[in-house]
Amino acid sequence: MTTTPSGFLPLRFEDHRQNTLALWREAYGDDSNTASDTPDGLAIDFLSIIRTRYGQRLGTVYGNAFFGTAEGLHLDAVLSAFDSPRKEPGGSTVEVIMFGALGTQVLKGSIANTIAGDSFVSDAQETIAETVFIVLTYGPADVTATLASAQIAGVTYSADVPITGTGLQVAQSLAAGSAGLPAGPEPIHGSDGQIAKWYSPYEDAQGNGVIVLELIASAPFAAFATESDAAQWYGDPATMTSELEAAIPAELLTLTRIGSSTPGWEGVANLRSATLGSGEQSDPEYRVQHVLSLGKQGSATPRSLAASLRDQRLVPGSEFVRIYMNVSGALDPISGRPSHSFEAVVSGGSDEDIAITIWKQHTTGTQSFGSTSVTINDPKNGEVRIVRFTRPTERFVWASIEVKRGEAFPTTPILDIQRDVQDAIFAWGITKSVGFDIYLDEAKQQLSIPGTAAITIRFGTTAQASDPPPPLSILDLLIDETQLTRWLRDRIAVTVVD
């Protein structure tokens, strides 16, 4: 029995048998018949089995006292002194706009579905009221060209020309032609003081084109179309959680299908990608979480700031965090970070929670930097502070994986193999934090199919989840410091070839 830095190494059955055999022959002579099919050999085997199992249990007891080898509740006990509990399983959470007739009550537990069919339930009862969020819907113009328009606080927005097409195309014509304000996945500012943010048009389950807008202030509004249907609705901000306690994806404007029949509730749209949940946390995942949380109790260090921004008690809904420092006395010409500054890149969580946490935990003698600016009151003295950080730019990953059969390739149905490969790459991809490159060789290491002659993987990305598939390449994906890759099983194509 041997102890090493990696744990306790019990002897194998073969080693125990050889040791016992040596003692046996020393006692009963070298000519003793000790084959396993003899009475003496059977006794030696039985004794070796007992010693092997004893050693294995002793190894388990030894290993359960250490961070790198403890398992299950023993690992929980090892880490109990660090205020680092195992993450409870939970579903993905997402911010949505529920829209419909004023006064409509959407009950807690009401269901909405993603385009892929995953179900989310509302976290609380919501009443659709007059807010700054409005929704315009336009039906298809199948035969006669229609001119789509909208009126907000007396200001008219109109498409450039009449159009024949689907409801989505009609809505897109309005978004593209309204005072030169094209809609996109990133909200943009209007130039007339009425509209604060536009979101990309999408198509609902009835084939209507839908546009979500955030106004600067609540105002009267209406939707019009000369030759097709048009309607207007108020939107109510709400949160929803996936029915399954797992990493259920819901990318921007993909949670758009109502699953509960509620009179007056016309639709739903998520204006951000979901913060992914997780199932029961495995021991390896728990170890990674603990390492990432180290330094949380400290302050004024990059590590403690990152750990605090990941803490769900301080920033509920935070997902990925990365801190970049410029400790030099000069401006960084590549990133634009000023001297003695830091940039926190954070996905998920509210702007205010992130800003307050940064202010409390930021490194001494440095200034915050980033594309998002939030004004807060200093928790200590109430003074007004401006805190800056960055929201990551999303890159939506597409993958093509070709698995070549070799000798002893599994006889498992191809569909099962394809699903297992999709699951393995998806589970690996969604762990990639801000600014991490995607390496082909690392991706291949996630697949362990016996009898595989070769694996070819191609990657590509698009700027929006709704974009068509991009050209794919056998080169690694290089991700900028403030970019974040987003993954979806449906964008992972798997083929098995001879």
Expected unfolding gain across Arg57-Glu285 under the 0.36 nm per residue rule, minus the alpha-carbon gap, is 79.6 nm
In region 393-497, what % of DSSP beta bridges are antiparallel (nearest 5)? 55
Looking at the chain, what % of its DSSP beta bridges pair antiparallel, to the nearest 5? 85
Along the Cα→Cβ direction, 7 angstrom out, place labels at Leu415 and Ala129. What is the inter-label distance in nm? 4.9
So, with points 7 Å from each Cα along the Cβ direction, the Gln105-Arg303 label distance in nm works out to 5.3
By how many nm would the segment from Thr262 to Asp476 grow when fully extended, if each residue of separation counts as 0.36 nm and the alpha-carbon distance is taken off? 72.3 nm
For the pair Thr226 and Arg405, the simple spin-label estimate (label points 7 Å beyond Cα toward Cβ) gives in nm 6.1
Just want the answer: with Cβ charges of +1 for Lys and Arg and -1 for Asp and Glu, which residue in Thr146, Thr60, Val161 is farthest toward the dipole's positive end in the chain? Thr60
Taking the Cβ-Cβ separation of Thr495 and Leu42 as r and a Förster radius of 51 Å, what is the calculated FRET efficiency to the nearest 0.05? 0.45
Taking trypsin sites (Lys or Arg not before Pro) that fall in a DSSP loop and have at most 14 other Cβ atoms within 10 Å as cut points, what is the longest piece of the chain between them? 109-312
What lysines does Lys404 reach when the alpha-carbon gap must be under 18 Å and sequence neighbours fewer than 8 apart in one chain are set aside? Lys444
Cross-link partners among lysines for Lys197, C-alpha distance below 30 Å, same-chain residues fewer than 8 apart left out? Lys108, Lys432
I need the calculated FRET efficiency for the pair Lys87 and Ala454, taking r as the beta carbon distance and R₀ as 51 Å, to the nearest 0.05. 0.85
Per the C-alpha gyration tensor (a ≥ b ≥ c, the square roots of its eigenvalues), region 204-272 is rounded if a/c is under 1.5, else prolate if a/b beats b/c, else oblate; here it's prolate
Hey, of (i) -0.85; (ii) -0.95; (iii) -0.76, which did the structure itself give for log10 I(q)/I(0) by the Debye sum over Cα atoms at q = 0.10 Å⁻¹ when calculated? (ii)
May I ask you to derive the FRET efficiency for Glu352 and Gln445 from their Cβ-Cβ distance with R0 = 56 Å, giving the value to the nearest 0.05? 0.90
What lysines could a cross-link reach from Lys87, if we take a straight Cα to Cα line under 16 Å and drop same-chain neighbours fewer than 8 places away? Lys296
Is region 405-498 best put as rounded, prolate or oblate by its Cα gyration tensor, with a ≥ b ≥ c the root eigenvalues, rounded for a/c under 1.5, and otherwise prolate when a/b is larger than b/c, oblate when not? prolate
Expressed as a percent, the portion of alpha-carbon pairs in region 295-389 spaced more than 22 Å apart is 22
Residues in region 29-56 that a label on Ala22 would reach, taking backbone N under 16 Å of a point 7 Å out along Cα→Cβ: 29-30, 48
Using Cβ counts within 10 Å as a stand-in for footprinting exposure, how do Ser335, Ser341, Ser400 rank, fewest first? Ser335, Ser400, Ser341
Rounded, prolate or oblate: which fits region 91-139 when a ≥ b ≥ c are the square roots of the eigenvalues of the alpha-carbon gyration tensor, with rounded for a/c under 1.5 and prolate only if a/b beats b/c? oblate
Can you give the net charge of the other residues whose Cβ lies under 13 Å from the Cβ of Ala171, counting K and R as +1 and D and E as -1? -3
Suppose every Lys and Arg Cβ carries +1 and every Asp and Glu Cβ carries -1, with no other charges. What dipole size does region 50-98 come out with about its Cα centre, to the nearest 20 debye? 480
Enumerate the calculated ³J(HN,Hα) couplings along region 493-498 in order (Karplus 6.51 cos²θ - 1.76 cosθ + 1.60, θ = phi - 60°), each rounded to whole Hz, writing x wherever the residue is Gly or Pro. 9, 10, 10, 10, 10, 8
Taking Cα pairs under 8 Å and at least six residues apart, what relative contact order does region 93-270 come out at, in percent? 36
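Read-outs throughout are calculated quantities, based only on the coordinates presented, and are distinct from any laboratory measurement. Just so it is clear, the structure is predicted and the values come from calculations on it, not from any experiment. Here Cβ is always computed from backbone atoms with ideal geometry, including for glycine, and neighbour counts include all displayed protein chains.
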